[in-house]
Amino acid sequence: MDKKLYAMVHTGYWMDVGQPKDYLEGIKTYLHHKRTSHPEMLATGNNIVGNVIVDPSATISKTASVGPDVVVGPNCIIHGGARIHGSVLLRGSRIGSGSLILNSIIGWNSTVGKWTRIQKNSVLGEDVTVNDEVLLNGAKVLPHKEVKADVDTPQIIM
């Protein structure tokens, strides 16, 4: 081991996005940048509010509301009456009718039931199912889990 410290000069923008709250703030900053530099990358429509990127393969009900500060990944489905704000939906996630997703990250191939509320930097891992009418308030849910009851204080679901 040579016990040397190395550095690199970086001339662009950098921020630490290692925590969910920081990641969501980074997404917000990125979307704002796209608004000023490449507005054609942002989604438009009657149910899109503010800065939003939607993968072309995603399906969003005309009665859902998406934005501001949202990224919807490939093959996501957002059902009628759902509201997504300040959040990221990763590939294949599905949001049930009437659900509210606030400032949270929905993992790959996860399913959120009807009339469910996920908020306060909650994070769903891959292939998580959250049942109908459940509240997640700051929950971190590990992959391949089913959440059947409210989680009203921040905690890790293993």
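Being open to solvent by 70 Å² or more (accessible area, probe 1.4 Å) and of a type in the set (A, V, I, L, M) is the filter; apply it to the stretch 143-158 and report the residue that is nearest to the chain's Cα centre (by Cα).
I156
Which residue out of N121, N131 is open to solvent by less than 70 Å² (accessible area, probe 1.4 Å), under 15 Å from K21 (Cβ atoms) and of a type outside the set (D, E)?
N121
Which of (1) open to solvent by less than 20 Å² (accessible area, probe 1.4 Å); (2) within 20 Å of V112 (Cβ to Cβ) does I48 not meet, given it meets every other one?
(1)
Could you look through the stretch 16-37, keep only residues that are in a helix (DSSP H, G or I) and of a type in the set (D, E), and pick out the one that is surrounded by the most Cβ atoms within 10 Å (Cβ to Cβ)? Before the answer, list the steps.
Step one: list which residues in the stretch 16-37 are in a helix (DSSP H, G or I), which gives 20-37.
Those still in the list that are of a type in the set (D, E) too: 22, 25.
On the way: D22: 13, E25: 17.
Looking at residues that are in a helix (DSSP H, G or I) and of a type in the set (D, E), I get E25.
Out of the residues in the stretch 73-118 that are among the hydroxyl-bearing types (S, T, Y) and in contact with a strand residue (DSSP E or B) (Cβ under 6 Å, 6 or more places away or on another chain), state the one that is most open to solvent (accessible area, probe 1.4 Å).
Here is the first cut: in the stretch 73-118, the ones among the hydroxyl-bearing types (S, T, Y) are 87, 93, 97, 99, 104, 110-111, 116.
Filter once more, so that each one left must be in contact with a strand residue (DSSP E or B) (Cβ under 6 Å, 6 or more places away or on another chain): 87, 93, 99, 104, 110-111, 116.
Working: S87: 1, S93: 0, S99: 1, S104: 0, S110: 0, T111: 42, T116: 2 Å².
Per the stated criteria, the residue is T111.
Kindly check whether there is at least one residue in the stretch 14-24 that is without any contact (Cβ under 8 Å) to a residue 60 or more places away in the chain and farther than 26 Å from G125 by Cβ. Please lay out each step first, then the result.
In the first step, residues of the stretch 14-24 are kept if they are without any contact (Cβ under 8 Å) to a residue 60 or more places away in the chain; the result is 14-19, 22.
Remaining after also requiring farther than 26 Å from G125 by Cβ: 14.
Yes, that holds for at least one residue.
Take T59 and tell me if it is open to solvent by 90 Å² or more (accessible area, probe 1.4 Å), β-branched (V, I, T) and at pLDDT 95 or above. Even if it seems obvious, please write down each step before you answer.
On the way: open to solvent by 90 Å² or more (accessible area, probe 1.4 Å): no; β-branched (V, I, T): yes; at pLDDT 95 or above: yes.
No.
The values are calculated or read from the model by the stated rules, or taken from the named source; none is laboratory data. These numbers were taken from a predicted model, which means no experiment stands behind them. Cβ: placed from backbone, ideal geometry, glycine included. Neighbour counts: every protein chain shown. The protein model used for the area step is the full one, side chains on, heavy atoms only, and it has no ligands, DNA or RNA in it. Shrake-Rupley method; radii C 1.70, N 1.55, O 1.52, S 1.80 Å.
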